[in-house]
Amino acid sequence: MKSMVGLKAVAILEGGKGLLSLVVAIGLHFLVGDNLQELAESIVRHAHLNPASHLPSIFITAVSDLSNTNIKLISLGALAYSFIRFVEAYGLWKSYVWTEWFALLSGAIYLPFEVYEMVVRPSMLGVSIFVVNIIVVTYMARVVFMKKRMNVSR
């Protein structure tokens, strides 16, 4: 029973990531065709930042350099990612073994990148994401290997 509660918690986390990614995909889709430089300048002004200072000018330049094709590709990537997260969330909610393995592997694959990010650009957000991911990966490893051990002992 305890395993079911944990799996449902991980499923909710994955579903949340899927929902966030879907919102990003839809938002990017609506940006196609807009004047992105104007939008970036508007965001900078709304944040009461000086558009001529270093970081805001980098942001404005980066956004204005995006082509509509790139935005479409990023939007499709975010949509695909959200679909994968929703499938994973559904499978974990239903306790499908293959999604338990998928959650373990898909969480573990990010760990080296998260460690690198914490070393190169330490931040509370990076540490928080790493800690949550370690908890999920450790829990999923425990679930997967406990089930495997139970099947071997039968």
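The values are calculated or read from the model by the stated rules, or taken from the named source; none is laboratory data. Since we're looking at a predicted model, the values are computed, not measured. Virtual Cβ from ideal backbone geometry, glycine too; neighbours counted across all protein chains shown.
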Filtering the stretch 46-68 down to residues that are among the polar types (S, T, N, Q), under 14 Å from LEU36 (Cα atoms) and modelled with pLDDT of 85 or more yields SER57, THR61
Of those in the stretch 1-42 that are modelled with pLDDT of 85 or more, closer than 14 Å to ILE74 by Cα and touching a helix residue (DSSP H, G or I) at 6+ places or on another chain (Cβ under 6 Å), the residue surrounded by the fewest Cβ atoms within 10 Å (Cβ to Cβ) is HIS29
Pairs returned, first residue in the stretch 57-69 that is in a loop (DSSP other than H, G, I, E, B), second residue that is surrounded by 15 or more Cβ atoms within 10 Å (Cβ to Cβ) and not basic (Lys, Arg), beta-carbon separation under 8 angstrom, 6 or more apart or interchain, are LEU66/LEU36
In the stretch 43-71, residues that are of a type in the set (Gly, Ala, Ser) and surrounded by 13 or more Cβ atoms within 10 Å (Cβ to Cβ) total 2
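Quick one: in the stretch 99-137, which of the residues that are of a type outside the set (A, V, I, L, M, F, W, C) and not in a helix (DSSP H, G or I) is surrounded by the most Cβ atoms within 10 Å (Cβ to Cβ)?
TYR110
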For the stretch 89-106, pairs from a residue that is more than 11 Å from VAL144 (Cβ to Cβ) to a residue that is acidic (Asp, Glu), with Cβ under 6 Å and 6 or more apart or across chains, are ALA89/GLU14
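Here's the yes/no breakdown for (1) out of contact with any strand residue (DSSP E or B) (no Cβ under 6 Å at 6 or more places or on another chain); (2) under 21 Å from ASN133 (Cβ atoms); (3) basic (Lys, Arg); (4) in the same structural domain as VAL144 (by the TED database):
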| position | (1), (2), (3), (4) |
| --- | --- |
| ASN70 | yes, no, no, no |
| ALA80 | yes, yes, no, no |
| PHE102 | yes, yes, no, yes |
| LEU105 | yes, yes, no, yes |
| TYR110 | yes, yes, no, yes |
Note on MET124: of the conditions (1) without any contact (Cβ under 8 Å) to a residue 40 or more places away in the chain; (2) within 24 Å of VAL87 (Cα to Cα), unmet is (2)
Flagged in the stretch 109-127 as of a type in the set (Ser, Thr, Tyr) and more than 13 Å from the chain's Cα centre (by Cα), in numbering order, are TYR116, SER123
